[in-house]
Every structure is written in C-alpha cells, then in structure tokens.
Amino acid sequence: MSQTKHQYSASAGLFEDLAPLNEQAEQAAAAAAQARASALRSQPARLLRPNRQQIELRASDLESLLGEEHRARLVWGYVQRQDLRRLTQAIKARGSNAGRSAIDSH
C-alpha cells in the first residue's frame, strides 16, 4: 500500500510544472481570439447588394415593376435616407472570414 502511495505522489510531482504552462497557453489562446475578433471588427462588412437592374425570366427589371408614382417608391426613398450604420456594424461576415454575406439595406 505504501509503495502505491509513493508511486502516486511521485507521478503527481512529474506534472506539477505543467499547470503554469497550461494557464499560459490558455491566456495566449484567449488573447489570440480577442485579437482575431478585433481584427475582424475593423474590416468592412461584406454585403450582397441587390441588382435592381437585373432582368428576370419574365424579361422585366425590378425598376419597371412599380410605376413612377407608386407608394413603395416613397418608402424606398425614406429607407435610403436613413442612417443604418448600426445594422452593418452588427454584421459578423467581414473580409475573407467565413460566413455568408449579409444583404445590403439600400
């Protein structure tokens, strides 16, 4: 029994030095993750912009689907004048990072 206890205490002594290394590795990994997240936030958001001139199979473009005086154009004009930067700041797809591009609000 004392021999088993001695072996256990000897083996525990072998790994005591690894605890600070694991903490250092975890801190380094956390710092690297923060640096990556910060770098991604500094890149412009990738956006898919609608092609309003796109021709559909029925041979009509999006602009011609609404008359010049249609109420939807009033709403569209209002939305285009709004400051929507807070929406694009929340987009996580940036630079060449993985993720689907968001659709542009304009």
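The values are calculated or read from the model by the stated rules, or taken from the named source; none is laboratory data. Because the structure is predicted, anything quoted here is derived from the model rather than measured. Cβ coordinates were reconstructed from backbone atoms using ideal geometry, including for glycine residues, and neighbour counts include every protein chain displayed. Each accessible area value is taken on the protein alone, full model and side chains, heavy atoms only, with ligands, DNA and RNA left out. Shrake-Rupley method; radii C 1.70, N 1.55, O 1.52, S 1.80 Å.
Just a few scattered comments:
- Just so you know, in the stretch 65-100 the residues that are polar (S, T, N, Q) and part of a helix (DSSP H, G or I) include one that is nearest to Asn51 (Cα to Cα), and it is Gln80.
- Cβ-Cβ distances below 7 Å connect the following pairs, each with a first residue in the stretch 78-106 that is without any contact (Cβ under 8 Å) to a residue 40 or more places away in the chain, a second residue that is open to solvent by 90 Å² or more (accessible area, probe 1.4 Å) and part of a helix (DSSP H, G or I), and a separation of six or more residues or different chains: Ser105/Leu87.
Table: residues versus (1) assigned to a loop (DSSP other than H, G, I, E, B); (2) modelled with pLDDT of 65 or more; (3) surrounded by 10 or more Cβ atoms within 10 Å (Cβ to Cβ); (4) within 23 Å of the chain's Cα centre (by Cα).
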| residue | (1), (2), (3), (4) |
| --- | --- |
| Gln3 | no, no, no, no |
| Ser9 | no, no, no, no |
| Pro20 | no, yes, no, no |
| Ala32 | no, yes, yes, yes |
| Ala35 | no, yes, yes, yes |
| Leu40 | no, yes, yes, yes |
| Asn51 | yes, yes, no, no |
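- Leu47 vs. criteria at pLDDT 65 or above and within 34 Å of the chain's Cα centre (by Cα): yes
- Neighbours by Cβ (under 9 Å, 6+ apart or cross-chain): first from the stretch 60-72, surrounded by 11 or more Cβ atoms within 10 Å (Cβ to Cβ); second not in a loop (DSSP other than H, G, I, E, B): Asp61/Ile55; Leu66/Ala72; Leu66/Arg73; Leu66/Trp76
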